[in-house]
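Scroll down for the structure; my scribbles are underneath it.
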Amino acid sequence: MVDRVDGLIIGGGFFGCMIALKLKALGFRDVVIAEREGRLMSRASYVNQARVHNGYHYPRSFPTARRSRENFARFCEEFGYAVDRGLNKYYAIAVGSKVTPDQFQRFCERIGALCRPAWAAVGNRFDAARIQDVFRVEELSFNAVALANGVAADLRRSGVEVRTDTIARLDSLSGEAIAVSLGQSTVSASYVFNATYASLDDVGASIRAGLKRELVEIALIEPPAGLDGMGVTVMDGPFFSVMPFPAEGCYSLSHVRYTPHAYWSGPDAPEMGHGRSHAAHMIRDASLYMPALARARYLRSIYDIKTVLARNEDDDGRPLLYEIHEANERFISVLGAKIDNVYDVLQLLEATAWKL
């Protein structure tokens, strides 16, 4: 292990790992990832709906939708080994939705995304009094375990040093070498990337962007007969999404109203004991729109902290945060709200003249 490195990445989620790989490709010699958990990509990179976005989710934020659409094919090609291509995905527009069926279709046309009327094919799966229309779309899911294994292999081949079970704390921001404590040792880094997601403002350096955090619950279920191979998102408002969760061979269920357990800003999180599961509420409400979901078998729930930029709360946008610290340009904080955001940060890294 080295004491002086070109690049130190705090946080071993998908973004931190991909930043490390890109730095090596750009000529950084010694690159280290410090991850506080026992393995890489075990928190927010795992606790999500495993959705490879293609833009459909963001009709109220055209820039976010367009970037998802642009990144979709690239992600599926680069990480095809982890992508489940057998998904038949549908977006249903609920009565009372913030987006009408016509608006959704026009939005899909604008971003160039597949959107085919599907009521004749699958309308009998829905309550016609609650759902206005249904569309077949092109959206996929990924296996988070396969993705983590593949990325870990890439890190080994590239020579990135990974330190798990390691808590990183900033010692000093001054000068051209930033000192960071990694457990019992100290590393001096030419550049430090803070990719800790929910802990961005808890490593010893502040960030300027306001963050909103949620303690979220994803319910894992065994789908009822007839739903196998099918995924559904009901738009747009306090509704739900049910999709395959390939990492555990089951389905995930999230609900806009019941998935969040708590909201807060600032680094201080509530107790992660989760309290009472909301899974029964999710299943009960979702079954009002898709009656077959009443027969879903609840398996367990997974929990973590979701973090988004507070300024995008109203428009539902999910832009990348790439914040260079005002006291030292060599300390950079990165927040990606969706897995395909990663190409936005890689693009920024490629465009930067690094001073090593």
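Those residues that are free of Cβ contacts under 8 Å to residues at least 12 places away in the same chain and of a type in the set (S, T, N, Q), I need them from region 169-205; list them, please.
172, 184
Within region 1-120, considering only strands (runs of 3 or more DSSP E) that don't extend past its boundaries, which have at least 1 residues that are surrounded by fewer than 14 Cβ atoms within 10 Å (Cβ to Cβ)?
4-10, 115-117
Would you confirm, using the coordinates I've provided, whether residue 195 is under 24 Å from the mean Cα position of the chain (by Cα), among the hydrophobic types (A, V, I, L, M, F, W, C) and surrounded by 14 or more Cβ atoms within 10 Å (Cβ to Cβ)?
yes
Would you be able to tell me the number of residues in region 324-356 that are surrounded by fewer than 18 Cβ atoms within 10 Å (Cβ to Cβ), touching a strand residue (DSSP E or B) at 6+ places or on another chain (Cβ under 6 Å) and outside any loop (DSSP other than H, G, I, E, B)?
2
Scan region 286-300 residue by residue and report those that are surrounded by fewer than 20 Cβ atoms within 10 Å (Cβ to Cβ) and assigned to a helix (DSSP H, G or I).
287, 288, 291, 292, 294, 295
Within region 262-274, identify whether any single residue is surrounded by 14 or more Cβ atoms within 10 Å (Cβ to Cβ), outside the structural domain of residue 23 (by TED's automatic domain parsing), in contact with a Leu (Cβ under 7 Å, 6 or more places away or on another chain) and modelled with pLDDT of 95 or more, and answer yes or no.
Taking every residue of region 262-274 in turn, none turns out to be surrounded by 14 or more Cβ atoms within 10 Å (Cβ to Cβ), outside the structural domain of residue 23 (by TED's automatic domain parsing), in contact with a Leu (Cβ under 7 Å, 6 or more places away or on another chain) and modelled with pLDDT of 95 or more.
For region 129-146, which positions are assigned to a loop (DSSP other than H, G, I, E, B) and farther than 28 Å from residue 46 by Cβ?
129, 130
The values are calculated or read from the model by the stated rules, or taken from the named source; none is laboratory data. The structure displayed is predicted, hence computed values, not measured ones. Methodologically, a virtual Cβ is constructed for each residue, glycine included, from the backbone with ideal geometry; neighbour enumeration extends over all protein chains shown.
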